[in-house]
Amino acid sequence: MYTEIRVEHLDGDVDVITIDRPEARNALTHTTYAELADAVATTSARCLVVTGADPAFCSGDDVKQVMLAAGERTRDASAERPEPRLTPAAGVLLRTDVPVVAAVNGAAVGWGMELALMADVRVASERARFGELFVKRGLCCDVAGLARLVQLVGREHAAELLFTGRIIDATEARELRLVSRVVPHDELLPASVEVARSIAGNPPLAVQALKRGLRRALDPDWDDLGRWVSATLGELFATDDHREGVAAFLERREPSYVGR
């Protein structure tokens, strides 16, 4: 059914969704986004575990397939401008009543970190790495990096991670309370599934109500924030700094930003 993710149903009413592009460090294409959104939206499980095929959790957007294409569309004066909106995959993940456990097995950077932030619980391998790299590409993050990151680590730590694009290891992520626990790499999936099964074993209507209550108490208006992020990204994709950030990444050199 899917070509870039795998879905496995386990005993205990748990589905494991694995992003399966290891050759690209599980970078996201438009297909990956669509398949991830569909898998979450159509699950009949009581709890989900989201992970990546080793060696990475998710390295964010595929630079060639997503970022370069988005920049070219933005600079094309004749191209039709889509209406600003919340990223559809983010909308599904943020609104599902099914609890989500992120089993972070390696690099979770760019939208990969956003994906981890959209989960309810994060379990990290000792090999996990986290980074909001958007600023390094001349862009802003998605909605979870603005709202969920602050809830977890506080405004000052969130600001530092967002403004610098610094990558942190699993130990620092635990110290910042970005993840609930760090386990040896070989124990990551069993530990994450154990958490998921302990959730799935509880009354599902009560669990779903609790998740709705957390959204009601803590979450912003995702649609409004999503429109702002989308419109802002549209502006930033057209900048020289974005083009330089992408070119420097592809050419494996240090970037030189000019502020335009």
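The values are calculated or read from the model by the stated rules, or taken from the named source; none is laboratory data. This one's a predicted model, so the numbers in the text were calculated from it and none came from an experiment. Please note: Cβ atoms are built from the backbone with ideal geometry, for glycine as well, and neighbour counts cover all protein chains shown.
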Check your understanding: Residues of segment 195-209 being exposed (fewer than 15 other Cβ atoms within 10 Å of the Cβ) and either touching a helix residue (DSSP H, G or I) at 6+ places or on another chain (Cβ under 8 Å) or free of Cβ contacts under 8 Å to residues at least 60 places away in the same chain (or both), which ones?
Key -> Ser198, Asn202, Pro203, Leu205, Ala206, Ala209
**Study point:** Scan of segment 1-22 for residues that are surrounded by fewer than 17 Cβ atoms within 10 Å (Cβ to Cβ) and among the polar types (S, T, N, Q), ordered by number
**Key:** Thr3
Practice item. Return the pairs, sorted by first residue and then second, in which the second residue is basic (Lys, Arg), the first residue lies in segment 106-123 and is touching a residue at least 40 places away in the same chain (Cβ under 8 Å), the beta carbons are less than 6 Å apart, and the residues are 6+ apart or on different chains. Key: Gly106/Arg127; Ala107/Arg129; Ala116/Arg122; Val123/Arg181
Review point. Which of (1) in contact with a helix residue (DSSP H, G or I) (Cβ under 7 Å, 6 or more places away or on another chain); (2) modelled with pLDDT of 95 or more; (3) aliphatic (A, V, I, L, M) does Val246 not meet, given it meets every other one?
Key: (2)
Practice item. Tell me, please, whether a residue that is touching a strand residue (DSSP E or B) at 6+ places or on another chain (Cβ under 8 Å), of a type in the set (S, T, N, Q) and within 20 Å of Leu133 (Cβ to Cβ) can be found in segment 232-253. Key: no
Exercise for review: List every residue pair whose Cβ atoms sit under 8 Å apart, with the two residues 6 or more apart in sequence or on different chains, where the first one lies in segment 224-238 and is surrounded by fewer than 17 Cβ atoms within 10 Å (Cβ to Cβ) and the second, anywhere, is not in a helix (DSSP H, G or I).
Suggested key: Arg227/Pro84; Arg227/Arg85; Arg227/Leu86; Trp228/Pro84; Ala231/Pro84; Thr232/Cys140; Gly234/Arg81; Gly234/Pro84
Exercise for review: For residues that are crowded, with 18+ Cβ neighbours inside 10 Å and among the basic types (Lys, Arg), scanning just segment 137-184, find the one that is modelled with the lowest pLDDT.
Suggested key: Arg137
